[in-house]
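Accompanying notes for the structure given below.
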Amino acid sequence: MTETCDPLDLPQRILMGPGPSDVPPRVLAALAAPTVGHLDPAYLRIMDQTRDLLRRVFRTANEMTLAVSGTGSAGMEACVVNLIEPGDEMAVCVNGVFGTRMADVADRCGASVHKVEAEWGRVIEPDAVAAALKAHPRTKVVGIVHAETSTGAHQPLEEISRLVHDAGALLLVDAVTSLGGADVRVDDWRIDACYSGTQKCLSCPPGLAPVTLSPAAVAAIESRKSKVRSWYLDVSMLRQYWGQARVYHHTAPVNMTYALREALRIVLEEGLDPRIARHQANHARLRAGLESLGLRYIPARSLTTLNCVAAPEGVDEAAVRRRLLEEYGIEIGAGLGPFKGKAWRIGLMGHSSTVRNVDLLLAALRLILKR
Ligand SMILES: *Cc1c(COP(=O)(O)O)cnc(C)c1O
């Protein structure tokens with residue numbers, strides 16, 4: 001599976017790991033369109049269109065919606081560094097790698113961080129958030145991961161959002177592995193700051209981080225007493241470029257914007273609801289197949305976009321992944337943290353979430369596990 005007609009001599013993979021996912025040819029073609037200046041009227045039109053498309057995919061009317069230059073982690077950092085001033089209190093829900101990362105980012109931004117923890121693989125209970133808000137009434141922001149890619153846990157948000165707003169705090173949500181694959185409703189769920197990445201369920205190469213901020217989040221940024229502690233990610237300057245003023249801040253990754261626009265168009269041509277239903281159906285098909293092979297899901301509430309299953313006792317999980325890659329060209333992910341060496345993470349994100357991929361992976365796994 002390594003022969004190829006690719007000009008860079010890269011293998012054709014089937015990407016079923018924790019991201020990136022397979023990129024549709026239309027998106028790759030968009031990436032290869034002629035580079036124009038980042039202030040060219042033709043490019044500014046594409047930015048505006050991308051912004052509109054992002055609003056529809058986030059299901060928001062937020063004016064402050066943009067694609068931050070950088071991967072999903074840049075989106076995380078942009079949200080935290082703009083909302084937090086040194087000395088502010090932030091509660092961060094931690095039940096896997098990405099909650100841990102958000103707590104680290106908040107700490108680096110000078111926040112006094114209150115961790116709300118749950119065991120890896122479990123979701124954060126609303127009671128735990130309520131207790132943290134009660135113990136720390138000055139909490140300004142509550143950060144939580146909607147789709148914890150390191151464990152496959154799918155975090156419900158509505159009840160937690162109500163608690164956060166009742167306490168007068170802002171809700172920050174990591175939707176990196178849910179946007180474009182699972183239901184994300186920024187306005188209905190009253191999410192104040194939400195970020196994602198291009199290479200998960202949007203099926204675009206890595207490189208941009210969609211971000212949206214509610215009017216309350218923007219007001220919090222406008223009433224900061226100190227400058228944002230990052231020049232590159234300062235939203236008050238970025239908005240001058242994304243808004244009508246078009247003030248140069250940094251050179252936009254022009255071709256990546258073409259690619260993101262195309263990826264978002266594909267998402268909306270399919271329709272958000274049919275797309276979410278496709279992710280559900282393919283997850284159900286994979287789950288039935290994996291369970292019939294005797295494999296067990298680790299999280300009680302699994303994502304449809306990322307399937308985290310325990311590797312069977314006595315099986316060399318790394319060898320199985322290696323054979324999937326070498327013999328079938330299929331990439332799946334390894335376990336992280338407490339699941340290192342003990343689990344597989346199988347992504348069914350965006351363009352990779354197909355019946356064909358599910359059945360191919362199941363057939364390959366069946367053959368490999370038999371030996
Ligand atoms: C992948 C991921 C990130 C980080 O995104 P990068 O593109 O790797 O920087 C953050 N949060 C979650 C939940 C992710 O799955």
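A few points about this structure:
- One way to sum up the overall shape of segment 118-247 is the equivalent ellipsoid from its Cα gyration tensor, whose semi-axes run 25, 21, 12 Å, largest first.
- Dipole in debye (nearest 20) - segment 1-155, about Cα centre, beta carbon charges: Lys, Arg +1; Asp, Glu -1: 400 debye
- Protection proxy ranking of 172-181, 268-277 - average other beta-carbon atoms within 10 Å, highest first: 172-181, 268-277
- Least to most buried among 151, 304 (fewest other Cβ within 10 Å first): 304, 151
- Charge dipole magnitude, Cβ of K and R +1, D and E -1 - segment 25-268, Cα centre, debye nearest 20: 640 debye
- Extreme residue, positive dipole direction of segment 110-201, given options 120, 160, 131 (C-beta unit charges): 131
- Relative contact order, percent, the chain [alpha-carbon distance under 8 Å, six or more residues apart]: 25 percent
- Of the trypsin sites (Lys or Arg not before Pro) in segment 178-231, the ones in a loop by DSSP (not H, G, I, E or B) with at most 12 other beta carbons within 10 Å are 225, 227.
- Three-way shape label, segment 1-66, alpha-carbon gyration tensor, a/c 1.5: oblate
- Legend: residue pairs 134/342; 115/225; 115/340; 115/227, Cα-Cα distance threshold 31 Å; pairs beyond threshold, 134/342.
- Average projected area [Cα convex hull, the chain], square nanometres: 18.1 nm²
- Couplings 3J(HN,Hα) for segment 303-316, derived from phi with the Karplus relation 6.51 cos²θ - 1.76 cosθ + 1.60 (θ = phi - 60°), are 5, 8, 8, 9, 10, 10, 10, 6, 6, x, 3, x, 9, 7 Hz, where x marks Gly and Pro.
- Cα centroid separation, segment 167-238 to segment 93-152 (Å): 16 Å
- Ranked by how many other Cβ atoms sit within 10 Å of their own Cβ, fewest first, the residues 114, 250, 146 fall in the order 250, 114, 146.
- Dipole axis of segment 272-370 (+1 Lys, Arg; -1 Asp, Glu on Cβ), positive-most option in 328, 303, 286: 303
- Order of 140, 340, 115 - criterion: other Cβ atoms within 10 Å of each residue's Cβ, fewest first: 340, 115, 140
Where a number appears in this text, it was derived from the coordinates with a stated rule and is not lab data. Note that this is a predicted model, so its numbers are computed, not measured. Virtual Cβ from ideal backbone geometry, glycine too; neighbours counted across all protein chains shown.
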